[in-house]
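Reading through the structure tokens given below for one structure.
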2 protein chains.
Amino acid sequence: MARRQKHRQPVIDASVTLFRRRGYAATGLNDIVEASGAPKGSLYHYFPGGKASIAVAAVEEAGRRVCETLRELAGGKGSAGTLIRAHAELLARWMASSGFKDGCPITTVLLELAPANRAVAEAGRKAYADRLAILRDRLVADGHSEDRAQRLASLCTSALQGALIESRVQRSGKPLEIAAQELATMLDGIDIRGI
Amino acid sequence: MARRQKHRQPVIDASVTLFRRRGYAATGLNDIVEASGAPKGSLYHYFPGGKASIAVAAVEEAGRRVCETLRELAGGKGSAGTLIRAHAELLARWMASSGFKDGCPITTVLLELAPANRAVAEAGRKAYADRLAILRDRLVADGHSEDRAQRLASLCTSALQGALIESRVQRSGKPLEIAAQELATMLDGIDIRGI
């Protein structure tokens, strides 16, 4: 059991990478087996629900990673605007270093499968809410009311999500950089366009 | 020739619908044939490049439609903020009326195929730039400088793009509504949160 269990995480990690590069439908179970190094038979041991249940695990894993990154960045002392700019810079750097092949690890799978697949959509909603909460907390710490912070966090999360897609299509970090700078200007109430 | 040509547009229209509901990879040529009513042999007559060239035409068509909608909305006398709110309301209504099955007609295909497929990515870049230009022009008309208008239009386009995805996953128009209201507040410099 312990020996077989050891392949679970590599299967999820390989799926996150493959799904974000080419999407869910274009990724075959054989691709996942090959990329993860797991024995083919083990896939159904870990994921009796088949490929769709791997997608759920991959969305959960990707959501965890985004939150980890955000929490790490939020550990600093900066404002919400600083946090958003730091996150956008990181995303732009990761995208560039993958030759703009890596996009958001969740979006493509969600667009392909939600709303038809409710388990995947639910995992997506949770990942989105967790991510939003980190930014909301920072906005509250900056002095915004709970309600206002929730709304601003929603806008910022949407904007970085969209900018990540456009950066990938344009093969340039520019849309991410612009979105983050303009949001930071708005949030911090100071004009940082000149920087 | 005229008889065969008549199926071109139905093929493109059917592809736009299918791609935005379930993505590119999960849509087979047979699905397109069936949904469009075109004779199977005619697909390669119109699109000798096969399914990938249908994707290019679908992204172009979807881009044209978004711009048409935006131009129509921009025909009114309102500010850029009013335009964004009107667009977000329309998107939220369309999404809800499809049971949140219809998403952005371009995004899923772009995420699946760009950057590997350069023709699709190029069609996506053009659609994005055309859309952005309409908003930029309205922002210039509102009194913003060209450079500032370009940056704000980029942020707004990213934000609505991301909010559309989140609205689909959450099965609620709320993320679109919030993004548009917050952007409008920012752009118009008036506080409309109470509305």
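Descriptive notes on the structure:
- Anisotropy class of the protein assembly as shown from Cα gyration tensor, a/c 1.5 cut: oblate
- The same position B:Pro39 in the other copies lies at 5.4 nm from this copy, comparing label points 7 Å beyond Cα toward the beta-carbon, shortest first.
- Seen from B:Leu73, the other residues with C-beta closer than 14 Å to its C-beta sum to a net charge of +3, counting Lys and Arg as +1 and Asp and Glu as -1.
- Förster radius 41 Å - calculated FRET efficiency between A:Gln5 and A:Ala96 (Cβ-Cβ, nearest 0.05): 0.70
- Computed label-point distance, nm, for sites A:Glu146 and A:Glu89 using a 7 Å Cα→Cβ extension: 3.3 nm
- Of A:Gly49, A:Gly78, A:Gly173, the one that fluctuates the most in a GNM where chain A has Cα springs shorter than 10 Å: A:Gly49
- About the centre of its Cα atoms, the protein assembly as shown shows a dipole size close to 1180 debye [charges on the beta carbon of Lys, Arg (+1) and Asp, Glu (-1) only; nearest 20 debye].
- Under the criterion of Cα pairs below 8 Å and six or more residues apart, the relative contact order for the stretch A:36-110 equals 31 percent.
- The mean count of C-beta atoms from other chains within 10 Å of the C-beta of residues in A:16-26, rounded to a whole number, is 3.
- Residue pairs, from the table A:Lys77/B:Lys174; A:Lys77/A:Lys126; B:Lys40/B:Lys126; B:Lys40/B:Lys101; A:Lys126/B:Lys51; A:Lys6/A:Lys51, whose Cα atoms sit over 23 Å apart: A:Lys77/B:Lys174; A:Lys77/A:Lys126; B:Lys40/B:Lys126; B:Lys40/B:Lys101; A:Lys126/B:Lys51
- Using a 7 Å Cα-to-Cβ projection, B:Glu146 label spacings across copies, nm, ascending: 4.9
- Global geometry of the stretch A:84-161, whether rounded, prolate or oblate, following the gyration tensor of its Cα atoms and the 1.5 cut on a/c: oblate
- Gyration tensor verdict on the stretch A:2-188 (Cα atoms; rounded if a/c is under 1.5, prolate if a/b is larger than b/c, oblate otherwise): prolate
- Per-residue [θ]222 nm for chain A (sum of -39500 (n - 2.57) over DSSP H runs n ≥ 4, rounded to 500): -24500 deg cm²/dmol
- Per-residue mean of C-beta atoms belonging to partner chains within 10 Å, peptide A:145-158: 5
- The mean count of C-beta atoms from other chains within 10 Å of the C-beta of residues in A:174-183, rounded to a whole number, is 5.
- The same position B:Gly75 in the other copies lies at 5.6 nm from this copy, comparing label points 7 Å beyond Cα toward the beta-carbon, shortest first.
- Contact order normalised by residue count of chain B, Cα under 8 Å, 6+ apart, percent: 25 percent
- Positive dipole terminus of the stretch B:58-188, leading residue within B:Leu183, B:Pro115, B:Gln170 (C-beta point charges): B:Gln170
- Each Lys and Arg adds +1 at its Cβ and each Asp and Glu adds -1 at its Cβ; summed about the Cα centre, the stretch B:58-188 shows a dipole of about 140 debye.
The numbers here are math on the coordinates, done by the rules we state, and not lab data. Given the structure is predicted, the values throughout are model-derived calculations rather than measurements. Please note: Cβ atoms are built from the backbone with ideal geometry, for glycine as well, and neighbour counts cover all protein chains shown.
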